[in-house]
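The values are calculated or read from the model by the stated rules, or taken from the named source; none is laboratory data. Keep in mind that this is a model prediction, so the values were computed, not measured. Ideal geometry is used to build each Cβ from the backbone, glycine not excepted, and the neighbour counts take in all protein chains shown.
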Amino acid sequence: MKNLSTLSLIFLLLFACNTPPETSDTADMVIFGGTIYTMDEAMPVVEAVAVKGGKIVFAGFEEPAKALVDSNTQVIDLQGKAMTPGFIESHAHLMGIGQLKRQLDLSDIKNYREMVARVAEAVKKAKPGEWILGRGWHQSKWDELPEKVVKGFQSHETLSAVSPDNPVYLRHASGHAGFANAKAMEIAGISADTDYDGRGEVFRDENGQPTGIFNEGAASLIARHIPEGSLEVRQEILELGMQECLKNGITSFCDAGESAKTIELYQSYREQEKLGLRLWVMLSGHDSVLLEKWYQKGPQIDDWLTIRAIKLYSDGALGSRGAWLLAPYTDAPDISGEPSQPMAHIGEVCHQALTYGFQVCVHAIGDRANREVLDQFQKAFEAQPEKAKDHRFRIEHAQHLSREDIGRFAELGVIASMQGIHMASDRPWAIHRLGIDRIKEGAYVWQKLLQSGAKVINGTDAPVEPVNPINCYYASVTRRPLDGSAEEGYEVDQRMSRMEALRSYTLDAAFGAFDEPKMGSIQVGKFADFTVFSQDLIKVPVNEILETRVDMTIVGGEVKFQRDKNM
Ligand SMILES: [Zn+2]
C-alpha cells in the first residue's frame, strides 16, 4: 500500500510538471524521439519539446507534447539522436570566418614549401595586381624548417619569386602576425630604410632587409593597404560566415570585436530580418569614435543583434611571443612579451563601460597581461560599486595565469572566456614557450577556475580554429590534440566533465552575454534554439566523440540547417 501511494505521488508530480500550459493548445513545432538535454537542473533530460512563436512552450513527456500537434505543426522525430540547447560560440569573428571561405586556407599546410605552392596556384587564377590573401599558417606546426629562418620564422624570397606582380599577404593562425611578399612590401613602402618604432616588430635579416614577417601592431603597415571589399563582397562574407556557423550547430554567436562598418552591415541585416543566427557583438575598442557614439546611445539589447560589450587587447599571442609574461619566455630568455596598449587606457574604458552599462572583454594571454587586466577591472569595480554589482566583465582567452590570480576570477566575478580547442592545438608547442612548471601551474586551467567558482565559457576563436564545437568539446573533455598525439591527454586533472563542457557552450555561455533568461537551456519561455547531434555527446565513448556530426540547427523554432533532408 505504501509503495503504491509513493508511486502515485510520483506520477502526480510528474503529471503536474508536464501539463501543457493552457494558453497554447497547438504548437508550431514538436520535437521528440531522442535524448533531449535541457541544462535545466530540475529536469535535465526530457522526451519532447514544443515550440510556438519561436519560443519553447513545453518541455517534458512525449504524450502531452504530441497533444499540441495539429495539421500545421512541424513534427520532428529525432530518431534516437540527441538534442541540446542551441550552441553558443562565446568568442569568434564572424566576418573572419566568412573571409576565410574566400581566401587561401593555410591551416593544413605541412611546411613553407606547401605555402609557396598554394600561392603559386592562386597566382595562376588571379587578375593582374590582385591581392592574394590567406590565413591560418603556423610555423610551429611545420614538419620541416625553411632554408632561411629569422627568429624562428620563414623569409619571403621564395614566396616573392612565385608571385612577382601580385601582392601577397598571409596572416598567421593566431591573427597576431602577417607574412608579406616583396610586391606587398613595395606597395606599403617598406624597405631596409623603413623606421618602425610602433608596437610589434618588422622582422629583419642580418643585412637589415625586412623578411616579410610583421608581428603584432606592425602588421597594420601592410594590412592597411589591402583594399576593402565592396558592400556586395562584405554581404557575401557575412552570409558565408553565418552559413558556416549554422552548419556547425551555432545558434548564437559572440563576435569578438567589430568595426563601425561591420556593425552597420549587421544592423541592416537585422532590420531586413536576414540574420540567420543571433549575434552579440563587442565593439572594437580600437575605435574611440565608435565607443563614444555607443556610450551616448547606450547598449542595444535585442533578440537578434545585441551590442553591449567592448573588446580590448592587453597583449599578443604565445606563438609569436607577443603574450605578456611575468617572467621571460623559456625558449627566449630575453623576451617577456609586451602590453599591446597602456593599461591606463584599459582602466579608462572599464570606467566608462560601467558608467554606460557595457561589458568589457579584454584579450589577455600571458600571466602578466591577465594580472594587469584583473587589476584594472578591480579598480573600476571599487570605484563604482553600485554599477559593478552585475558587470559580467570578461577576460578573453585567459590562457596562462599565475597561481595567485586564478582565484581572482571568481572573487571579482570575472568570466573566463576560454577556447578548449586552443589547448589541443597549442599545448604541444606552448610547452617550449612556458616550460612545464608554468604550464602545470596556470595554462588552460579550466578545472582550477571552475572549482574556484568562476564561470568558464567556451568557443573556438574562429577563424583561428574552425568554428566546429565538436572538436572543441572533445578537447575540453579529453585535453588531447585532434591529431591523435598525446593520447593520454595533457594535464588531465584540468579536463572538464561532459556536462561542464556542455554547460560552457550553452547555459554559462549565455550568462557570459547576460542572455541566460532568454537562452542556454531548454525551458518554457526561452528561445526555441536547439542543436541536434548525430549521437549523444554525453554518453558516446570518448574515442567516438569526434565522429559526432551536427544534424540540425534550429533557431527561433526554424530549421536553419539540416544535414540529411530526410530526417
Ligand atoms: Zn579572437
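Observations
- Test set (1) within 28 Å of Leu537 (Cα to Cα); (2) touching a Lys or Arg at 6+ places or on another chain (Cβ under 8 Å); (3) of a type in the set (Lys, Arg) - Arg135 fails condition number: (1)
- Ser288 falls short of the stated requirement of being under 30 Å from Glu201 (Cβ atoms), under 18 Å from the mean Cα position of the chain (by Cα) and surrounded by fewer than 17 Cβ atoms within 10 Å (Cβ to Cβ).
- The residue list Ile190, Ile132, Ile88, Ile109 contains one member that is outside the structural domain of Ile554 (by TED's automatic domain parsing) and within 16 Å of the ligand (Cβ to nearest atom), which is Ile88.
- Residue within the range 388-404 that is among the hydroxyl-bearing types (Ser, Thr, Tyr) and out of contact with any Leu (no Cβ under 7 Å at 6 or more places or on another chain) present: no
So that you can scan it fast, the table gives a plain yes or no per residue for (1) at pLDDT 95 or above; (2) over 22 Å from Ala126 (Cα atoms):
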residue: Ser160; (1), (2): yes, no
residue: Asp165; (1), (2): yes, no
residue: Ser174; (1), (2): no, yes
residue: Ala180; (1), (2): yes, no
residue: Ile187; (1), (2): yes, no
residue: Asp197; (1), (2): no, yes
residue: Arg204; (1), (2): yes, yes
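- Those residues of the range 247-267 which are within 16 Å of the ligand (Cβ to nearest atom), on the phi < 0 side of the Ramachandran plot and touching a strand residue (DSSP E or B) at 6+ places or on another chain (Cβ under 7 Å), in sequence order: Ile250, Phe253, Cys254, Asp255, Ala256, Glu258, Ser259
- Looking only at the range 356-374, and only at residues there that are touching a helix residue (DSSP H, G or I) at 6+ places or on another chain (Cβ under 8 Å) and among the hydrophobic types (A, V, I, L, M, F, W, C), the one that is surrounded by the fewest Cβ atoms within 10 Å (Cβ to Cβ): Leu374
- Matching residues in the range 274-294 - criterion: being within 13 Å of Val349 (Cα to Cα) and part of a helix (DSSP H, G or I): Ser288, Val289, Leu290, Leu291, Glu292, Trp294
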